[in-house]
1. Treat the range A:1-85 as a sphere of radius equal to its Kirkwood radius over Cα pairs and apply Stokes-Einstein at 10 °C in a medium of 1.306 mPa s; give the translational diffusion coefficient in µm²/s, rounded to a whole number.
2. Would you be so kind as to identify which of A:Tyr82, A:Ala111, A:Leu61 lies farthest towards the positive end of the dipole of the range A:37-172, taking Lys and Arg as +1 and Asp and Glu as -1 on Cβ and the Cα centre as origin?
3. Tally Lys and Arg at +1 and Asp and Glu at -1 over the other residues with C-beta under 14 Å from the C-beta of B:Leu206: what net charge comes out?
4. Identify, among B:Leu187, B:Leu252, B:Tyr209, the residue whose Cα sits farthest towards the positive end of the charge dipole of chain B, taking +1 on the Cβ of Lys and Arg and -1 on the Cβ of Asp and Glu, with the dipole about the Cα centre.
5. Going 7 Å from the Cα of A:Ala243 in the Cα-to-Cβ direction, what parts of the range A:148-168 have a backbone nitrogen less than 11 Å from that spot?
6. Can you give the convex hull volume per residue for the Cα atoms of the protein assembly as shown, as a whole number of Å³?
7. Taking A:Asn32 in one copy and the same position in all the others, each labelled 7 Å out along Cα→Cβ, what are the pairwise distances from the first, in nm, shortest first?
8. Counting only other chains, what is the mean number of Cβ atoms within 10 angstrom of the Cβ of each residue in peptide A:77-87?
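The values are calculated or read from the model by the stated rules, or taken from the named source; none is laboratory data. Because the structure is predicted, anything quoted here is derived from the model rather than measured. All Cβ positions, even for glycine, are placed from backbone atoms using ideal geometry, and neighbour counts span all protein chains on display. Remember, those area values only see protein heavy atoms, side chains included, never the ligands or the DNA or RNA. Shrake-Rupley method; radii C 1.70, N 1.55, O 1.52, S 1.80 Å.
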There are 2 protein chains.
Amino acid sequence: MSGGLTRLPLADGLTRARSLAEAEIRAALAHNETPVAEAMRYAATGGKGLRAFLVLESARLHGIEPQIAAPVAGAIEALHAYSLVHDDLPCMDDDALRRGQPTVHIKWDEATAVLAGDALQSLAFGLIAAAECPPEARIGLVQSLSDAAGVAGMVGGQAADIAAESAATPLTLPEIEALQAGKTGALITWSAMAGPRIAGADPAPLRHYGEALGRAFQIADDILDVEGSEQAVGKAVGKDAAAGKATFVSLLGLEPARTCAAALVEEACEALAPYGRDGETLRDAARFVIARRS
Amino acid sequence: MSGGLTRLPLADGLTRARSLAEAEIRAALAHNETPVAEAMRYAATGGKGLRAFLVLESARLHGIEPQIAAPVAGAIEALHAYSLVHDDLPCMDDDALRRGQPTVHIKWDEATAVLAGDALQSLAFGLIAAAECPPEARIGLVQSLSDAAGVAGMVGGQAADIAAESAATPLTLPEIEALQAGKTGALITWSAMAGPRIAGADPAPLRHYGEALGRAFQIADDILDVEGSEQAVGKAVGKDAAAGKATFVSLLGLEPARTCAAALVEEACEALAPYGRDGETLRDAARFVIARRS
């Protein structure tokens, strides 16, 4: 299916994805030296590039070259960056540190953070519209990104997360799963499905992969919040416990949470069966998600 | 060109546009009773519907039925509503009143206002993607809306406006014109160009109309800030003068500003020459923009 496009090892794939996505965002902002544009570039720099990588790798599995998928990888990193800038605002999670650097509202101010996030979201949809794949494929990507990012997806999950902090009773496990499916899962799943969407192919196996990966990712995040150091993670840790917030770890316990995440990674890997050995880097990505230290 | 589609009087056209746009937004949010979805519906209700009207009327001039253009009208009203919700935030213009009602962060809270604005922007692009016109036309609408809404358009203008408030010297007239072309003009021009874009026709006359209309609109806004009452305008007035902000009125004087707005309305009307008598309701809209009291 991949038409013989070379499969890179995971580390190289992540580096390339990050660099291609950042290049797309920088090119779109070229010659704009306003503080908001500076803040947009800043916010879109220094991430793991996992979502961009999922776009490029799922595209490769369907014979789509990196230069065709790159604007779509840039789009999801712009969208993800916007969500982090707004999540970090004082009225939201109120975080001063992100990716080991001051958050946008700390380095600039709140108004710049609101506007940079807003413009990163606009940019995401513009990058997809300008991609060099058939108009029907681009429309499918726009429509599905709107769903994944909006009130039925990421924003809905984020709102439920904030509501949970002031709720009288802690969330149950199914409630946390629903919340996280929106907050984190929707964009990860969208990224994994982008390749078949660009190619006009069946996205079902990669939807299954993405959903399992997203759930594993969030459990790993909860574990990092308990076990990680601020220096390694690059953002404040221990916040969930301090806030008395129900998480996968608080509800399941640390070891069962680890077991559950490992089972989800296994499920994600098995979902890639139709791709055979060609899916190996995506399997490595799933394993990386629960092994990471940041 | 309009294929005999009935031309409504302006007041009826505005009412229908508002109602069709709100219906699109409500349908997209159906069965979602979360506070963020409530806030989205609230924010998208009660406006003049000018932008939705420009979409429907420019569509009619190109033989496009209202039901085809309605999702695009819903999209621009969702986008406009998002921009108002975020503009009103305490870290931005800090307004408690909008369209005669409490702003979203007053009625709910700041986090809900940030998230509702974010999800309204996602929704705008989703509504366009789901419209029933050719995929190429939808892609053109997505791409141009991304440009109009983003850092080179509306967000850029808003950022320049905020920067001007703390600048050592007041802005010059050309600087104000550039700022307003982004902040207000970009979405108004986009709305006027939507019809030919849906139809795959030349948007040049409606671009000219929209740009002149947008400039007239902003001068009228500056005049309202000086002359209007809070009750009639539905938001706080007198803010510019209190902030010592340079506006069209402070730089030109009240009467010359009025003359300038009237000349721009004349220019907008003349740009519609290719549409002959069929453009009369859009001409009425231009006259309405400088005659309005809110």
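1. Numbers: Rh = 13.0 Å.
Value of D from the Cα-based Kirkwood radius: 122 µm²/s.
2. Of A:Tyr82, A:Ala111, A:Leu61, it is A:Leu61.
3. -1
4. B:Tyr209
5. Within reach of a label on A:Ala243, which here means backbone N under 11 Å from a point 7 Å along Cα→Cβ, the range A:148-168 contributes A:158-167.
6. So the per-residue Cα hull volume is 139 Å³.
7. 2.5
8. Mean shielding count: 1.
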